[in-house]
Amino acid sequence: MNVLEIKDLSKIYIGKINFTALNNINFNLEQGEFVAIMGPSGSGKSTFLNCISTIDTPTKGEININGKAPHKLNDDELAKFRRQELGFVFQDFNLVNTLTVEENIILPLTLDSVPEKTMKERLNKVTELLGISKLLKKRTFEISGGQAQRVAIARAIIHNPSILLADEPTGNLDSKAAKDVMKLFTTINQTLGTSILMVTHDAYVASFCKRVVFIKDGELYNEIHCGDSRVVF
Ligand code: ADP
Ligand code: ADP
């Protein structure tokens, strides 16, 4: 079953000179897959993710997430849809610096008025999975970049989204922290069954995925399947 289906997606930025950032993209993500989109800077990776996450509006084409077309929902439906179906992880963590680690993580649940008991259970589950239980009372400026990204990942999965979207999640991390984050993505994918779509320009990071799709000049032009026999160092 596909959690994400994209048909003939194009994005043209309109300006003095129109710019085609995405050109007729067709792409499916199966439930439980962990896929990397790889390509050089400016190839359209962020635009692609932003169209899926509804930050950007496609110029043409169809996007379906669990059978729903997010771009056809009204604002209220869309806000709810995004909170329930999608989790986001960014390069620069996007944590709220005035809040503690715990407050940052439960933020998506407070917005949806989830009962206190459920909130605590979810918090315990994800913080144990990500190895950040001891950081909960800390402020975001007291933790390292690698820890901040773990907190951001916890916030992205606390509501059990069907798809986790990650835009260069290791872009601000050293190689040791990047490796730790990719191991956590693998754990999330395998133990929670979350489908993950990640963009990166880093081949090492992409090597954690069984399927890697290549983008250049706004077009998906090839993909490789690494299978189970791959070695992850
Ligand atoms: P990547 O994430 O692969 O670096 P982007 O999706 O950010 O690529 O950008 C793809 C291309 O679209 C780039 O050439 C970029 O300059 C252009 N672009 C992105 N956003 C806009 C925008 N809002 N207006 C005009 N051009 C844009
Ligand atoms: P990334 O490489 O992480 O995608 P960028 O620096 O390419 O980040 O883009 C950051 C933001 O600037 C994005 O929201 C993108 O849409 C916007 N942007 C990128 N290129 C252009 C452009 N040529 N004109 C207007 N906005 C742009």
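Would you call Gly171 surrounded by fewer than 22 Cβ atoms within 10 Å (Cβ to Cβ), of a type in the set (Gly, Ala, Ser) and within 16 Å of ligand 2 (Cβ to nearest atom)?
So Gly171 fits the description; yes.
Select from the range 11-46 the residues that are of a type in the set (Ser, Thr, Tyr) and at pLDDT 95 or above and write down the one among them that is surrounded by the fewest Cβ atoms within 10 Å (Cβ to Cβ).
Per the criteria, the residue is Tyr13.
Taking the condition of being assigned to a helix (DSSP H, G or I), of a type outside the set (Val, Ile, Thr) and within 24 Å of Thr191 (Cα to Cα), how many residues in the range 95-132 meet it?
Final tally of qualifying residues: 16.
So, Lys176, is that one loosely packed, with under 14 Cβ neighbours inside 10 Å, in contact (Cβ under 8 Å) with a residue 24 or more places away in the chain and under 22 Å from Leu95 (Cβ atoms) or not?
yes
Within the range 115-125, can one find any residue that is farther than 19 Å from Ile196 by Cβ and among the hydrophobic types (A, V, I, L, M, F, W, C)?
The answer is yes; a qualifying residue exists.
Mind listing whichever residues of the range 23-48 are near ligand 1 (Cβ under 8 Å from one of its atoms) and touching a residue at least 24 places away in the same chain (Cβ under 8 Å)?
Scanning the range 23-48 gives Gly39, Pro40, Ser41, Ser43, Gly44, Lys45, Ser46, Thr47, Phe48.
Taking only the range 53-84 into account, find how many residues are of a type outside the set (A, V, I, L, M) and either within 16 Å of ligand 1 (Cβ to nearest atom) or over 23 Å from Glu30 (Cα atoms) (or both).
12
Which of the residues spanning the range 23-42 are out of contact with any Lys or Arg (no Cβ under 7 Å at 6 or more places or on another chain), under 16 Å from Ala166 (Cβ atoms) and within 16 Å of ligand 2 (Cβ to nearest atom)?
Ala36, Met38
Could you give every pair whose Cβ atoms fall below 6 Å, whose first residue belongs to the range 193-213 and is open to solvent by less than 20 Å² (accessible area, probe 1.4 Å), and whose second residue is acidic (Asp, Glu), counting only separations of at least 6 or pairs across chains?
Every condition considered, the pairs that remain are Ser195/Glu33; Val199/Asp167; Thr200/Glu168; Val213/Glu223.
Restricting to the range 71-89, what's the tally of residues that are open to solvent by less than 60 Å² (accessible area, probe 1.4 Å) and part of a loop (DSSP other than H, G, I, E, B)?
1
Does Leu86 count as away from ligand 2 (no atom under 16 Å from the Cβ), in contact (Cβ under 8 Å) with a residue 60 or more places away in the chain and either closer than 30 Å to Lys137 by Cβ or in contact with a His (Cβ under 9 Å, 6 or more places away or on another chain) (or both)?
It is true that Leu86 is away from ligand 2 (no atom under 16 Å from the Cβ), in contact (Cβ under 8 Å) with a residue 60 or more places away in the chain and either closer than 30 Å to Lys137 by Cβ or in contact with a His (Cβ under 9 Å, 6 or more places away or on another chain) (or both).
Residue check, Gly87 against (1) within 26 Å of Ser133 (Cβ to Cβ); (2) out of contact with any Pro (no Cβ under 6 Å at 6 or more places or on another chain); (3) more than 16 Å from ligand 1 (Cβ to nearest atom), all met but one. Which one?
(2)
So which of Lys16, Lys45 ends up being over 14 Å from the mean Cα position of the chain (by Cα) and within 16 Å of ligand 2 (Cβ to nearest atom)?
Criteria check complete, one pass: Lys16.
Going by the conditions given, is Thr20 within 14 Å of ligand 1 (Cβ to nearest atom), among the polar types (S, T, N, Q) and at negative phi?
yes
Check whether at least one residue in the range 55-70 is in a helix (DSSP H, G or I) and surrounded by 15 or more Cβ atoms within 10 Å (Cβ to Cβ), and report yes or no.
Checked against the condition, which is being in a helix (DSSP H, G or I) and surrounded by 15 or more Cβ atoms within 10 Å (Cβ to Cβ), the range 55-70 yields at least one hit.
Of the conditions (1) assigned to a helix (DSSP H, G or I); (2) open to solvent by 60 Å² or more (accessible area, probe 1.4 Å), Val151 clears all except one; give me its number.
(2)
The values are calculated or read from the model by the stated rules, or taken from the named source; none is laboratory data. This structure is a prediction, so every number in the text was calculated from the model and none was measured. Note that each Cβ is placed from the backbone with ideal geometry, even for glycine, and that neighbours are counted across all protein chains shown. These accessible areas exclude ligands, DNA and RNA; they are computed on the full protein's heavy atoms, side chains included. Shrake-Rupley method; radii C 1.70, N 1.55, O 1.52, S 1.80 Å.
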